[in-house]
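The next block holds one structure in the form of structure tokens; read it before the comments.
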Amino acid sequence: MAFGSFYPSPTKPAAARADVTLLHEAARTLRVPIVAIGGITLANAPSLLDAGADSLAVLSALFDAPDIRAAARALNQLFETEPEE
């Protein structure tokens, strides 16, 4: 299930804004993967993941980046976890 737009986005500038508490509520009550959309950047993505998003829909932060591969790697690292001991 996708929720957003959490931040201003050049893709859909007139989209209504969703509050991050929506992710907390969705993660707590729904039993499906939660996707956050809307204006997501490397800087604001961690707060959405911390709030309960399982995935992020990212366009401008990738395709407007000077190095798309580097941007994709940096975003992917947000999903890397340390192995539990």
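Just so it is clear, none of the values below were taken in a lab; they were calculated from the coordinates. In this text the structure is predicted, and so the values were computed from the model without any measurement. Virtual Cβ from ideal backbone geometry, glycine too; neighbours counted across all protein chains shown.
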Highest-MSF residue in the chain out of 30, 59, 49 [GNM, Cα springs under 10 Å]: 30
Collect residues whose amide H, placed 1.01 Å from N in the peptide plane, falls under 5 Å from the amide H of residue 40; neighbours closer than 5 in sequence don't count. 59
Options 74, 18, 34, ranked by Cα towards positive dipole end of the chain, top entry (Cβ charges): 18
With runs of 4+ DSSP H residues as the only contributors, calculate the mean residue ellipticity of the chain at 222 nm using -39,500 (n - 2.57) per run, divided by the residue total and rounded to the nearest 500. -8500 deg cm²/dmol
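Full-extension gain between residue 80 and residue 14, please, as 0.36 nm times their residue separation minus the C-alpha to C-alpha distance.
Values: separation 66, 0.36 × 66 = 23.76 nm, distance 3.28 nm.
In short, 20.5 nm is gained.
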Counting only C-alpha contacts under 8 Å and six or more residues apart, can you give the relative contact order of the chain as a whole percent? 27 percent
Residue by residue through region 20-34, the couplings from Karplus 6.51 cos²θ - 1.76 cosθ + 1.60 with θ = phi - 60°, in Hz, x for Gly and Pro, are 4, 4, 4, 5, 4, 5, 5, 5, 6, 10, 8, 10, 9, x, 10
Using modelled amide H (1.01 Å from N, peptide plane; none on Pro or chain starts), what sits under 5 Å from the amide H of residue 2, excluding residues fewer than 5 places away? 35
Candidates 20, 58, 32, ranked by Gaussian network fluctuation over the chain, Cα under 10 Å, top entry: 32
Once phi for every residue in region 60-72 is put through the Karplus expression 6.51 cos²θ - 1.76 cosθ + 1.60 (θ = phi - 60°), the whole-Hz ³J(HN,Hα) values, with Gly and Pro written as x, are 4, 4, 8, 7, 9, 6, x, 10, 4, 4, 5, 5, 5
